[in-house]
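Taking it in order: structure first as structure tokens, then the write-up.
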Amino acid sequence: MSVNADPDSLYRLRHSVAHIMAQAVLEVFPEGKIAIGPPIEDGFYYDFDLPRALSSIDLEEIEQRMRKIIARGNPFTYSEVNAEAARQLFQQQPYKLELLAGLAQGQDEYGEGEGAATVISTYRHETFEDLCRGPHVEDTKQIASDGFKLLSVAGAYWRGDERNAMLQRIYGTAWPTKADLEQYLWRVEEAKKRDHRKLGKELDLFSISEEVGGGLILWHPKGARIRVIVEDFVRQEHLRNGYEWVFSPHVGRAQLWETSGHLGFYQENMYAPMDIEGDLYYVKPMNCPFHIHIYQSQLRSYRDLPQRYAEYGTVYRYERSGVLHGLTRVRGFTQDDAHIFCCPEQVGAEISKALAFSLTILRAFGLSDFKAYLSTRPAKYVGEPSKWEQATEALRQAVVEQELPYEVDEGGGAFYGPKIDLKVHDALGRQWQLSTIQFDFNLPERFGLEYIGEDGQRHQPYMVHRALLGSIERFFGILIEHYAGAFPLWLAPVQAVLIPITDRHLEYARKVQEVMLKAGLRVEINAGKDRMQAKIRQAQVTKIPYMLVIGDKEQAAEAVAVRQRSGPDLGAMPVADFLAQVQAEMEVRAN
């Protein structure tokens with residue numbers, strides 16, 4: 001049997017390599033104590049209590065011992081023992097004894113039964129045995145000796161509790177072949193280069209100031225320029241697709257959030273209220289209650305539906321400092337939020353339009369590898385089962401129409417409605433959550449939403465939440481990493497830089513800049529004292545698409561010498577010809 005690259009086989013492989021690593025560590029440190037060591041996404045880890053801190057040299061020695069263990073070809077053997085035998089087996093391992101004590105009380109996961117009757121499972125290979133349910137590969141020779149690597153050491157409290165002992169956690173990765181390992185290590189290094197926090201600073205796009213507050217983004221001019229381009233494009237596309245733009249306040253009275261249920265179900269993620277003339281107000285964590293009140297501002301007829309409201313609504317949610325991460329996990333962010341209010345007979349068409357629209361917009365930004373996740377009715381829910389069935393089928397049919405691969409998460413919907421989550425793979429193959437289309441049977445009932453039907457009677461409309469980009473901040477972070485900061489021409493904050501070779505070419509450069517700015521090109525002049533090659537390197541580092549060099553010949557011919565960020569140099573061309581070329585290029589988006 002060979003180990004293939006499917007998730008189950010990778011789990012077995014990494015689980016097995018983790019055990020081999022633990023054996024190797026105990027060979028280096030016989031007095032060492034082992035804790036837990038599970039497979040994780042793309043790798044594994046094991047926690048140890050060791051007599052000294054590990055170094056990179058230690059990791060190399062551990063790797064060498066692991067290869068020797070693998071070469072000996074010992075099988076992984078499953079055993080079952082009772083609680084007393086397990087305590088004897090691990091009598092020198094205090095962390096295992098603690099796990100066994102918890103197991104006797106039904107708190108841990110390595111056996112079945114209660115107390116002394118508990119049956120405990122272990123796996124053993126060669127000299128190493130641990131509490132384990134498996135699975136593992138059959139024997140160590142099924143592991144490629146050049147397909148794994150130990151990556152790092154970090155501190156980790158036992159059981160994640162800072163009151164407990166600090167252990168050393170060794171992280172590693174394992175793959176079926178050396179080529180798979182090398183590809184993974186390349187992706188890791190490439191991800192570090194593309195880290196939006198690093199590029200955001202280098203390209204002067206955004207910053208986060210601790211004095212302002214963690215998780216609150218300061219958009220610098222170049223980053224803000226991209227944001228304006230993104231928002232203007234998406235705004236116009238919404239208008240062309242039948243949405244109306246609305247605006248809502250940043251705060252609302254407590255009564256609003258009581259009616260919506262946020263104070264009952266979501267208050268831990270909301271900030272403390274403000275007392276305004278005796279009334280409590282909360283900064284908004286979501287936009288939907290405001291859009292509902294816009295809908296309720298007049299009695300609607302079936303002839304008025306659907307109503308599609310869109311907003312760039314800035315919301316605030318209490319994220320703990322430990323989970324904040326650049327642009328992708330923040331406390332204040334702007335959702336490209338939309339809510340659709342429609343009749344039951346319109347719901348299928350509206351969902352299809354919403355999904356198709358989302359895909360069109362995302363493809364315009366160069367994102368094309370999608371997978372949908374359809375979450376269905378949970379055990380506890382509000383609304384009629386027939387409405388759930390209709391809504392779920394509308395979501396499923398929309399996914400099928402767009403020929404998207406999808407998975408069904410049975411029972412994974414929120415209590416108030418089923419949903420589609422649209423996930424996309426970026427240039428490195430990483431998956432990101434983006435668009436969501438979510439039914440809501442809860443808020444229409446809470447707020448008493450109505451419309452007058454064709455029969456002259458009052459009916460409750462269907463309500464659909466739709467976030468397309470998710471949030472502007474997070475989407476921008478994804479774009480930075482997807483393009484490694486080298487944005488396509490239409491998104492680039494600076495599309496071209498004029499590079500006069502000497503000061504006597506500066507006046508002509510300014511005239512060229514004026515012409516290009518009037519033509520709609522975002523162009524700057526590098527008027528610094530550096531030599532031409534240094535200016536070109538600076539433009540390349542800041543990922544400007546075009547460098548336009550101006551010397552005596554170009555000035556005499558009313559031309560520019562065109563160098564591309566990537567691709568061949570285009571040589572000298574008249575300014576008008578260059579403008580015609582880039583204006584055509586700016587109209588071409590990825591879709």
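The values are calculated or read from the model by the stated rules, or taken from the named source; none is laboratory data. If you're wondering where the values come from, they're calculated on a predicted model, not measured in any experiment. Positions of Cβ are backbone-derived with ideal geometry, glycine not excepted, and every protein chain shown enters the neighbour counts. The area values use the complete protein model at the heavy-atom level, side chains included, leaving out ligands, DNA and RNA. Shrake-Rupley method; radii C 1.70, N 1.55, O 1.52, S 1.80 Å.
At-a-glance table
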item	result
Distant-in-sequence amide H partners of Y157 (H built 1.01 Å from N, under 5 Å)	L167
Residue-normalised accessible area of the stretch 387-538, expressed per residue, 1.4 Å probe, Å²	42
Antiparallel bridges, percent of DSSP beta bridges restricted to the stretch 355-495 (to nearest 5)	85
Percent of beta bridges antiparallel (DSSP, the stretch 294-429, rounded to nearest 5)	85
The stretch 473-525: mean projected area of Cα convex hull, nm²	4.5
Inter-centroid distance (Cα atoms) of the stretch 116-172 relative to the stretch 63-78, Å	14
For the stretch 160-234: accessible area per residue (Å², 1.4 Å)	55
Per-residue [θ]222 nm for the chain (sum of -39500 (n - 2.57) over DSSP H runs n ≥ 4, rounded to 500)	-11000 deg cm²/dmol
Listed candidates [x] 79, 52, 47; [y] 86, 77, 52; [z] 96, 58, 54 - label of the one calculated as Cα extents along the principal axes in Å	[y]
Estimated vicinal HN-Hα couplings, Hz - the stretch 307-321 in sequence order (Karplus 6.51, -1.76, 1.60; Gly, Pro = x)	10, 10, 10, 10, 7, 8, x, 7, 10, 9, 10, 7, 9, 5, 4
Carbon/sulfur fraction of accessible area - the chain, other protein chains in place, 1.4 Å, %	48
With all protein chains modelled, accessible area of Y406 [1.4 Å, Å²]	80
Rg(Cα)/(2.2 N^0.38 Å) for the stretch 50-105, N = residue count	1.58
Restricting the stretch 350-425 to trypsin sites (Lys or Arg not before Pro) in coil, as DSSP defines it, with at most 10 other Cβ within 10 Å	K380
Computed P(r) (all Cα pairs; the stretch 503-591; 5 Å bins; percent)	3, 13, 24, 28, 21, 8, 2, 1, 0
Part-to-part distance (alpha-carbon centres) for the stretch 541-555 and the stretch 237-255, which is given in Å	43
Rg/Rg_ref, the stretch 283-417, where Rg_ref = 2.2 N^0.38 Å and atoms are Cα	1.19
Alpha-carbon centroid distance for the pair the stretch 425-446 / the stretch 288-353, whole angstrom	12
The stretch 91-100 - phi-based ³J(HN,Hα) in whole Hz, Karplus 6.51/-1.76/1.60, Gly and Pro as x	5, 9, 10, x, 5, 5, 5, 5, 5, 5
Under Karplus coefficients 6.51, -1.76 and 1.60, residue-wise ³J(HN,Hα) of the stretch 511-518 in Hz, glycine/proline x	5, 5, 4, 4, 5, 6, 4, 5
Percent antiparallel among DSSP beta bridges (both partners in the stretch 486-591, rounded to 5)	50
Placed amide H near Y406: partners under 5 Å, 5+ positions off or other chain	A372
Where labels lie 7 Å past Cα in the beta-carbon direction, separation of S386 and Q91 in nm	7.0
Proportion of all alpha-carbon pairs of the stretch 336-400 beyond 16 Å (%)	55
Accessible surface, the stretch 17-86, averaged per residue in Å² (probe 1.4 Å)	44
